[in-house]
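Okay, so here's the structure we're looking at.
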Amino acid sequence: MKLAIITGGSRGLGAALVQQLAADDWTVYELSRSGTSAHHIDLDLSDVDAAVTVANTLFAEQADKSWDEIWFINNAAMVSPVSATEKLSASDISWHITVNQTSAFSLISSFLRTFRGHASRKVITNISSGAALKGYPGWALYCASKAAAENFIHTIAAEETARDNPFIAINYGPGVIDTEMQAELRASDVEDFPMLDRFQAMKTHGVLKTPDVVAADLIRVMHSDIQNGGRYTID
């Protein structure tokens, strides 16, 4: 028996992961606001307390079962607001950090606590971005939150080296995927997003990866002999 819990699994990369893992006989739960599949559990990351309550209930129910492998994939994230930093309001900043950091980190922390006693192979994967490694105009919040998530994973990996039945925690860079997030970026104002022409050109020239291709690569990576704390990227 194999369990996968995926945030933001209603579309894009998350939906492709749900579909491929379910087809391979995994028990899959996707946590999002807009999912409609049989694997969906309604969860809104903009409401930390409610999100943690939903996740805690799911984790506790699943922790009582015998699993051969357990995965948690932190996939949900938002890029908005795409804006020059000087235009960001306090509410913009708080909302973005709540979704991309506070709720995400809270769910991962709960996952660690709840499944600590399982001796099975346990993998936590954070879907990262090149934005975690470099600043981009218009992406102050996205770059900052992705960098924070990478280091959150690094710290978990360091802590797990001293634990019995440790979790494996990794970051995964999926490259540029043809998703609704990309469409949102292409609709941005060039004044707020100076790289607009570059992102429009990637779509025009057909260089964006499909969610199915990236999902298959991530599943391959997670099945492989990965290094705790490692950062993996699609070729």
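No lab work stands behind these numbers, since they all come straight from the coordinates. Computed from a predicted structure; not experimentally measured. Cβ: placed from backbone, ideal geometry, glycine included. Neighbour counts: every protein chain shown.
If the condition is being surrounded by fewer than 16 Cβ atoms within 10 Å (Cβ to Cβ) and under 16 Å from G138 (Cβ atoms), then the range 81-114 contributes A84, T85, E86, K87, L88, S89, D92, I93. Please identify the pairs in which a residue from the range 111-126 that is more than 18 Å from I170 (Cα to Cα) has its Cβ atom under 9 Å from the Cβ atom of a residue that is in a helix (DSSP H, G or I) and of a type in the set (F, W, Y), counting only partners at least 6 apart or on another chain. Within 9 Å, the pairs are T114/F59. Entry remark, the range 64-77: residues being touching a Ser or Thr at 6+ places or on another chain (Cβ under 9 Å) and over 19 Å from A22 (Cα atoms) number 1 in total. Scanning the range 3-53 for residues that are assigned to a helix (DSSP H, G or I) and either more than 18 Å from A77 (Cα to Cα) or aromatic (F, W, Y) (or both) yields Q19, Q20, L21, A22, A23, T53.
List the residue pairs whose Cβ atoms are under 9 Å apart, where the first residue sits in the range 32-56 and is without any contact (Cβ under 8 Å) to a residue 60 or more places away in the chain, the second is among the aromatic types (F, W, Y), and the two are 6 or more positions apart or on different chains. These pairs meet every condition: H39/Y29; H40/Y29; I41/Y29; S46/W95; A55/F111. Selection over the range 68-117 of residues that are outside any helix (DSSP H, G or I), touching a strand residue (DSSP E or B) at 6+ places or on another chain (Cβ under 6 Å) and within 20 Å of A144 (Cβ to Cβ) gives a count of 3.
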